[in-house]
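Student: Take this structure, written in structure tokens, and hold onto it; I'll ask about it next.
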Amino acid sequence: MITSSQEIEVGAKLAPTQHTSYQRSLVEMQFKERSIHRDDYTQTHGYAGALTSSYVLCGYMSEIMVNTFGPAYIQGGKIYIKFFGGGVQNGDQITVKGVVTEKCQEENGVRVVCDLRMEKGEGHQVVAGQASALLAE
């Protein structure tokens, strides 16, 4: 786990995370008829199936930051993400990758900024974003 800004450089790749996407509520709950979390509704709009909730995807995107920076991300982190490319459905194989793009001096430490991307299947990007952790110098 990285605890000091001196332990990581711009251009460093974060160790990727991989999962089979799963959201229990998509299996166990009944959503309203016109919900993006229902297979029948999303399929009529060109999607492969019910869309995994954004909060679940944000959790997958945050995991790579927690694994790399631990409390520095939990206590002072920021994340911004956007969704595209057909979304993520239950059962999709997803990989989250990250790379350090910037180190900025702040009053309470050094903010390490990372570009993140989520891919499903064989590299089809479905989420992009940027996250940061506030580290000691």
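Student: If Lys and Arg each add +1 and Asp and Glu each add -1, what is the summed charge of the other residues whose beta carbon sits under 13 Å from the beta carbon of VAL110? Intermediate values should be presented prior to the final figure.
Tutor: Numbers: positive: LYS103, ARG111; negative: GLU7, GLU9, GLU102, GLU106, GLU107, GLU137.
Neighbourhood net charge equals -4.
Student: Per the 1.4 Å probe, what fraction of the accessible area of region 3-137, in percent, lies on carbon and sulfur atoms?
Tutor: Values: 3780 of 7610 Å².
It is 50 percent, rounded to a whole number.
Student: Looking at region 17-113, what % of its DSSP beta bridges pair antiparallel, to the nearest 5?
Tutor: Here the share of antiparallel DSSP bridges comes out near 100 percent.
Student: Sketch the reach of a paramagnetic label on THR101 as a point 7 Å from Cα along Cα-to-Cβ, and name the residues of region 8-50 whose backbone nitrogen lies under 19 Å away.
Tutor: 8-17
Student: Could you order peptides 8-21, 59-72 by the average number of other Cβ atoms within 10 Å of their residues, highest first?
Tutor: On the way: 8-21: 13.6, 59-72: 19.4.
My ranking of the peptides, most packed first, is 59-72, 8-21.
Student: Would you please calculate the Kirkwood hydrodynamic radius of the chain over all C-alpha pairs and express it in Å, rounded to one decimal?
Tutor: 15.8
Student: Taking the alpha-carbon distance from LYS97 and a cut-off under 18 Å, which aspartates and glutamates remain once sequence neighbours fewer than 8 residues away in the same chain are dropped?
Tutor: GLU9, GLU63, ASP115, GLU119, GLU122
Student: Something else: With charges only on Cβ, +1 for K and R and -1 for D and E, what is the dipole size of region 1-119 about its Cα centre, in debye, rounded to 20?
Tutor: For region 1-119, the charge dipole is close to 160 debye.
Student: If each residue of separation counts as 0.36 nm, what is the full-extension length gain between VAL10 and GLN93 once their alpha-carbon separation is subtracted?
Tutor: In short, 27.0 nm is gained.
Student: Now, a different point. Can you pull the one-decimal nm distance between simple spin-label points at GLN18 and ASP40, each 7 Å off the Cα toward Cβ?
Tutor: Result for the modelled spin labels: 3.6 nm.
Student: So, for the chain, what is the accessible surface per residue at a probe of 1.4 Å, expressed in square angstrom?
Tutor: For the chain, the solvent-accessible area averages 57 Å² per residue.
Student: Could you grab the relative contact order for the chain? Cα pairs under 8 Å, six or more apart, rounded to a whole percent.
Tutor: 31
Student: Here's a follow-up. Please list 43-52, 77-86, 112-121 highest first by mean number of surrounding beta-carbon atoms within 10 Å per residue.
Tutor: Result, highest mean Cβ count within 10 Å first: 112-121, 43-52, 77-86.
The values are calculated or read from the model by the stated rules, or taken from the named source; none is laboratory data. Quick caveat, the model's predicted, so the values are computed rather than measured. As a convention, Cβ positions derive from the backbone with ideal geometry for all residues, glycine included, and neighbour counts pool all protein chains shown. Ligands, DNA and RNA are excluded from the accessible area calculation, which covers all protein heavy atoms including side chains. Shrake-Rupley method; radii C 1.70, N 1.55, O 1.52, S 1.80 Å.
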